[in-house]
Amino acid sequence: MGEFRLEELSATNIVAANNLTLRPGQEAFVVPPTYAIADNYIDPTTTWPRVVLDGDTVVGFIRGNFDPDAAQEEFRSAVWRVHVAAEQQGHGIGTFAVLALADEARQRGFDRLTALWEPGEEGPEAFFTNIGFEVIGETQYGEKFGALKL
C-alpha cells in the first residue's frame, strides 16, 4: 500500500470526492459521496465520512456509520460507502480505508464491522471478501450482508 491518509470530508475536499471516477459498470453500485455528507446533518454523532489522500490528491472516499442503538444489528457498525478512483483501484486504497474504519469501530468498542452490497459482476463482493468479510445474510431484496470480525 502507498502512503495514504484520511481526512474528514469537508468543503475543501468535497468537490474532489465528487469527481472521483468509476470503472465502467461500477456506477450501479455507488451513489455520489455528497449524499453521505447530508447524513452528517441528520445525526453527526453516528456518521464517519472521510476522503483518502495520496499526498494532496483525493483518491478515495469512505463513509462509515456507528450507531450502537440501531434496531438492526447489521447497521450498528457499518461501511456505508467506499469509493476509489478508477485509475487508482488495485493499489490498496480501498483496503486502507476499510481497515481504518475497522480500527475506528474497534476503538469505539465494536467487535465487528458490517457491509451491505448488491451482488453483480462489477460489484464489490470480491473486494469485501478478500479483506476478510464473510457473508452473514441477505436482505429481502437480495443484497448481501457481510461482517468482518474485529
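No lab work stands behind these numbers, since they all come straight from the coordinates. None of the values given here were measured: they were computed from a predicted structure.
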Radius of gyration and maximum dimension Dmax of segment 4-149, Cα, Å: 14.3, 42
task: Could you go through segment 113-119 in sequence order and give the Karplus-derived ³J(HN,Hα) for each residue, using 6.51 cos²θ - 1.76 cosθ + 1.60 with θ = phi - 60°, rounded to whole Hz, and x for Gly and Pro?
output: 10, 10, 9, 10, 9, 8, x
message: If amide hydrogens are placed 1.01 Å from N in the peptide plane, which non-local residues have theirs closer than 5 Å to the one on L9?
response: R50, V51
- prompt: Can you work out ³J(HN,Hα) from phi for every residue in segment 121-130, in order, using Karplus 6.51 cos²θ - 1.76 cosθ + 1.60 and θ = phi - 60°, giving whole Hz and x for Gly and Pro?
  reply: 4, 9, x, x, 4, 4, 4, 5, 5, 5
